[in-house]
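Before any comments, here is the structure.
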Amino acid sequence: MNDDRLRTAFAELREAETAHVPPFQSLWGRRGRRTYARWAFAVVLLVVVAVSIVPLVRRRPVEPSISTWHAPTDFLLQTPGRELLETVPDLKGNTP
């Protein structure tokens, strides 16, 4: 195939395709409004979904400080007569 036949074939193909294509301006005007409406709808939908999901997300409770931690076996240290170990005995013999 030589160059002239290729040019002619492509020109015929171009003419056949452009016969069915509407003018650019008519497409631009219509599509611009539709695209804007679709974007607006998508944004509104996204906001609604975000607002409805936010209350469902559970927030982690604040972890207590290490200084307030108590061992689970602390109750075993509560023994009878413990008050004797927490006070200092009076060795002078002073009685109230």
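The values are calculated or read from the model by the stated rules, or taken from the named source; none is laboratory data. Nothing here was measured: the structure is a model prediction, and the numbers come from that model. Ideal geometry is used to build each Cβ from the backbone, glycine not excepted, and the neighbour counts take in all protein chains shown.
Can you tell me which condition Glu83 does not meet? The list is (1) modelled with pLDDT under 85; (2) acidic (Asp, Glu); (3) under 51 Å from the mean Cα position of the chain (by Cα), and all the others hold. So the condition that Glu83 fails would be (3). Which residues, taken from region 1-17, are surrounded by fewer than 10 Cβ atoms within 10 Å (Cβ to Cβ) and in a helix (DSSP H, G or I)? Matches in region 1-17: Asp3, Asp4, Arg5, Glu15, Ala16, Glu17.
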